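Asker: I have a structure here, written as structure tokens, and I will follow up with some questions on it.
The values are calculated or read from the model by the stated rules, or taken from the named source; none is laboratory data. All figures in this text were calculated on a predicted structure; none of them were measured in a lab. Because the Cβ atoms are built from the backbone with ideal geometry, glycine has one as well, and the counts that use them run over all protein chains shown. To get the accessible areas, we keep the full protein, side chains included, count just its heavy atoms, and leave off ligands, DNA and RNA. Shrake-Rupley method; radii C 1.70, N 1.55, O 1.52, S 1.80 Å.
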Amino acid sequence: MPAIRTETMTVNMGPQHPSTHGVLRLVLELDGETILSAAPTIGYLHTGIEKTAEQKKWQQVIPLVERMDYLSAQSNSMAFCLSVETLLGIELPERVRAIRVLLAELQRINSHLVWLGTHGMEVGAISVMLYCFREREQLLNINEMIAGFRMFPSYIRVGGLREDLPRGFHDAVRSFLDRFPEKLNEYEDLLTSNEIYLKRTQGVGVISKEDAIGYSLLGPIARAAGVSYDVRKVFPYLGYDTYDFNVPTSADGDVYARYTVRVAEMRESMKICRQALERIAPVGAYAIDDPRITPPPKDRVYTEMEALIQHFLIYSQGFTVPAGEAYVPVEGPRGEQGFHVVSDGTNRPWRVKSRPPSLLACQALEKMIVGGLIADVIAVIGSIDVVMGDVDR
């Protein structure tokens, strides 16, 4: 009997595929439905944000870094500001620290809601996306309340915050925190024991604890593989060591484990938010008291010449940062996010270099999908929660 002739097929998935979460291209070699090899190809977005930052004054970098990972805007700006504040030797007021913690945890929930909704839709659970975006709207409303912008508030500034919290902020956050646990239960009712979802996710995209460490994976992907590492616990910043919260982990390392870890993280973020909200007085310090760095309140700019001059100098010339370098990591929604900032003593950065968790997740894609089915590729890409703006910065 003659041998059956077989051959493999090479196909492109992306860079315009709706489930690659941006302009990610995968060159896949297929034997029928089975993945024999995979080559992630990046660089289509090429924003050049890190290089552009060298031409901007220190405060002007904040809108740029917020657009790297556009689902983690406030975590990005906070990481950049913490590094610059380290070079400046700034000690933030306690109220500012608590507000930043609250905003960062709301941002984590916001990001995880986008992940859960899009991931659910990609594996067939369309209604989950509608539910998740319903609650995300409340968080975007809070951003709009404090800054006038929904996705990129630029509210966190070097030295503190842009301005004080608006009236009604506490009530808006408390309303969300009171409503959200029940809604989170709804998401779990739809997915956690859903037979179709279990078949699409359990045992799919598995990565071991050793491989997670070898690929430098952090955040929910690593914690789902048993790596109990969280920057908030290991290198506490903004007083995270004074908050009561747990670090969810799993030992399975598959798509389903990444789902359960992120859902548990949202519950832990709610706990932190409640603790932070209790520490924030309705009115108080929102930045350090240093006229070289902090602009005067707008009402003073309109009525006092000294305040007008101070405002003009800060916005036209910026401020200088002592020569040196600093790296202060934070625990972003996708893992450790930080900015290595180098100053030459001028009013502009000499170098800004990001540690992008999404890039590190992309390099592990091959390990997760080779040997699986082409239908599983979509589930795996969704489960690692990459943002291509963070990859191609």
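Asker: If you take the residues in the range 289-313 that are touching a residue at least 40 places away in the same chain (Cβ under 8 Å) and closer than 18 Å to K57 by Cβ, which one is surrounded by the fewest Cβ atoms within 10 Å (Cβ to Cβ)?
Answerer: Result: D290.
Asker: Every residue in the range 1-38 that is more than 19 Å from H119 (Cβ to Cβ) and under 25 Å from the mean Cα position of the chain (by Cα), please.
Answerer: Matches in the range 1-38: P15, Q16, R25.
Conditions (1) touching a residue at least 60 places away in the same chain (Cβ under 8 Å); (2) hydrophobic (A, V, I, L, M, F, W, C); (3) open to solvent by less than 40 Å² (accessible area, probe 1.4 Å), marked per residue:
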position: T10; (1), (2), (3): no, no, no
position: M13; (1), (2), (3): yes, yes, yes
position: L30; (1), (2), (3): yes, yes, yes
position: K51; (1), (2), (3): no, no, no
position: E54; (1), (2), (3): yes, no, yes
position: M68; (1), (2), (3): yes, yes, yes
position: F80; (1), (2), (3): yes, yes, yes
position: T86; (1), (2), (3): yes, no, no
position: I90; (1), (2), (3): yes, yes, yes
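Asker: Of the residues R300, R334, R292, which single one is within 30 Å of S358 (Cβ to Cβ) and basic (K, R)? Before you say what the answer is, go through the steps one by one.
Answerer: On the way: R300 fails: within 30 Å of S358 (Cβ to Cβ); R292 fails: within 30 Å of S358 (Cβ to Cβ).
Of the residues listed, the single one that is within 30 Å of S358 (Cβ to Cβ) and basic (K, R) is R334.
Asker: Being on the phi < 0 side of the Ramachandran plot, crowded, with 19+ Cβ neighbours inside 10 Å and touching a helix residue (DSSP H, G or I) at 6+ places or on another chain (Cβ under 9 Å): is that true of L217 here?
Answerer: It is true that L217 is on the phi < 0 side of the Ramachandran plot, crowded, with 19+ Cβ neighbours inside 10 Å and touching a helix residue (DSSP H, G or I) at 6+ places or on another chain (Cβ under 9 Å).
Asker: Can you name the residue in the range 12-71 that is among the hydroxyl-bearing types (S, T, Y) and assigned to a loop (DSSP other than H, G, I, E, B) and, of all such residues, is nearest to F152 (Cα to Cα)?
Answerer: Y70
Asker: Which pairs do you get when a residue that is open to solvent by less than 40 Å² (accessible area, probe 1.4 Å) and assigned to a helix (DSSP H, G or I), found in the range 158-179, comes within reach of a residue that is modelled with pLDDT of 95 or more and basic (K, R), reach meaning Cβ atoms under 7 angstrom, with the pair 6+ apart or on two chains?
Answerer: Cβ pairs passing all conditions: L177/R274.
Asker: Which condition breaks for Y327 when tested against (1) open to solvent by 40 Å² or more (accessible area, probe 1.4 Å); (2) farther than 20 Å from R100 by Cα?
Answerer: Exception for Y327: condition (2).
Asker: What are the residue pairs meeting all of these: first residue in the range 196-211, first residue in contact (Cβ under 8 Å) with a residue 60 or more places away in the chain, second residue among the aromatic types (F, W, Y) and surrounded by 14 or more Cβ atoms within 10 Å (Cβ to Cβ), Cβ atoms under 6 Å, and 6 or more apart or on different chains?
Answerer: Here the result reads T201/Y256, each pair linking the range 196-211 to a residue that is among the aromatic types (F, W, Y) and surrounded by 14 or more Cβ atoms within 10 Å (Cβ to Cβ).
Asker: Does R100 satisfy the condition of being among the charged types (D, E, K, R), open to solvent by 10 Å² or more (accessible area, probe 1.4 Å) and farther than 18 Å from R348 by Cβ?
Answerer: Taking the combined requirement at face value, the residue does not satisfy it.
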